[in-house]
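Engineer: For reference, the structure I am asking about is given below.
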Amino acid sequence: DAGVIQSPRHEVTEMGQEVTLRCKPISGHDYLFWYRQTMMRGLELLIYFNNNVPIDDSGMPEDRFSAKMPNASFSTLKIQPSEPRDSAVYFCASSFGTGRETQYFGPGTRLLVL
Amino acid sequence: RKEVEQDPGPFNVPEGATVAFNCTYSNSASQSFFWYRQDCRKEPKLLMSVYSSGNEDGRFTAQLNRASQYISLLIRDSKLSDSATYLCVVKARYSSASKIIFGSGTRLSIRP
């Protein structure tokens with residue numbers, strides 16, 4: 001299995017631009033998670049989906065952030081408009097089932113907003 | 001107060017030493033506990049789950065103390081390759097959904 005795939009791996013953009021991050025979970029996994037990691041705040045859960053349905057988006061910072069999962073094999077996290085404080089590493093993770101499941105993380109997207 | 005707290009470290013110990021980390025959590029309804037490892041500029045990876053009775057995996061031992069609301073990770077005979085950041089993860093069930101919270105991590109550096 002290829003594992004969780006994220007693209008792009010690196011993104012540099014200017015403040016005000018729209019940024020779209022993409023994630024392909026491991027085939028067969030029914031949970032998908034989006035995280036953001038910074039030195040100051042550590043790893044924060046932004047939103048997670050179960051069977052393509054958003055379950056908890058309480059971690060989404062503000063309306064500039066949106067996430068979708070149109071099907072079981074694809075999810076996007078969009079930031080519009082982007083701001084310098086959005087600079088971080090964004091991880092996508094997937095898992096199967098509930099309870100003591102392991103989350104498998106993608107390699108992350110390093111976002112720098114100038 | 002953070003829901004999951006860890007000593008950020010860094011812990012700098014010689015190869016072969018035993019090192020222990022603690023992690024405290026504030027929600028008594030927490031159900032599942034994990035330790036993840038994150039290498040520099042890499043993604044987190046599951047190290048081990050933490051069971052109520054405590055569990056061991058080779059040189060690694062995890063313990064859970066529900067009464068005091070903390071979990072611990074013990075690494076014996078540390079290796080250079082153990083250098084990483086160790087993340088404590090707590091999962092709690094709320095009324096409508098589960099919430100997964102990562103600690104900020106404890107940095108461990110093993111010196112030759």
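The values are calculated or read from the model by the stated rules, or taken from the named source; none is laboratory data. Quantities reported herein were computed from a predicted structural model and do not represent experimental measurements. Cβ placement follows ideal geometry from the backbone for every residue including glycine, while neighbour counts extend to all protein chains displayed.
Engineer: Do we find a residue being within 11 Å of chain A (Cβ to nearest Cβ) and buried (at least 19 other Cβ atoms within 10 Å of the Cβ) anywhere in the stretch B:70-86?
Structural biologist: Checked the stretch B:70-86: at least one residue is within 11 Å of chain A (Cβ to nearest Cβ) and buried (at least 19 other Cβ atoms within 10 Å of the Cβ).
Engineer: For B:Asp57, all conditions in the list (1) surrounded by 18 or more Cβ atoms within 10 Å (Cβ to Cβ); (2) acidic (Asp, Glu); (3) at pLDDT below 95 hold save one; what is the number of the exception?
Structural biologist: Tallying (1) surrounded by 18 or more Cβ atoms within 10 Å (Cβ to Cβ); (2) acidic (Asp, Glu); (3) at pLDDT below 95, B:Asp57 fails exactly one: (1).
Engineer: Next question. Given the condition farther than 21 Å from B:Gln31 by Cβ, of a type in the set (Phe, Trp, Tyr) and crowded, with 21+ Cβ neighbours inside 10 Å, answer yes or no: does some residue in the stretch A:65-82 qualify?
Structural biologist: No, the stretch A:65-82 has no match at all.
Engineer: Do you know which residues across the stretch A:101-114 are of a type outside the set (A, V, I, L, M) and either surrounded by 20 or more Cβ atoms within 10 Å (Cβ to Cβ) or over 18 Å from A:Leu32 (Cβ atoms) (or both)? Show your work before the answer.
Structural biologist: Quick first cut of the stretch A:101-114, residues of a type outside the set (A, V, I, L, M) only: A:101-110.
Of everything in the stretch A:101-114, those that are of a type outside the set (A, V, I, L, M) and either surrounded by 20 or more Cβ atoms within 10 Å (Cβ to Cβ) or over 18 Å from A:Leu32 (Cβ atoms) (or both) turn out to be A:Gln103, A:Tyr104, A:Phe105, A:Gly106, A:Gly108, A:Thr109, A:Arg110.
Engineer: Which count do you get for residues in the stretch A:50-60 that are out of contact with any Phe, Trp or Tyr (no Cβ under 9 Å at 6 or more places or on another chain) and more than 10 Å from every other protein chain (Cβ to nearest Cβ)?
Structural biologist: 2
Engineer: Same structure again: Across the stretch A:19-49, what is the total count of residues that are charged (D, E, K, R) and facing chain B (nearest Cβ under 9 Å)?
Structural biologist: So the count comes out to 2.
Engineer: Only one of B:Val50, B:Val19 is within 30 Å of A:Val53 (Cβ to Cβ) and modelled with pLDDT of 90 or more. Can you tell me which?
Structural biologist: None of the others qualify; the one that does is B:Val50.
Engineer: Can you pull out the residues in the stretch B:68-83 that are touching a Ser or Thr at 6+ places or on another chain (Cβ under 9 Å) and either in a strand (DSSP E or B) or among the basic types (Lys, Arg) (or both)?
Structural biologist: Within the stretch B:68-83, B:Tyr70, B:Ile71, B:Ser72, B:Leu73, B:Leu74, B:Ile75, B:Arg76 qualify.
Engineer: Looking at the stretch A:78-114, which of its residues are within 9 Å of chain B (Cβ to nearest Cβ) and of a type in the set (Phe, Trp, Tyr)?
Structural biologist: A:Phe91, A:Tyr104, A:Phe105
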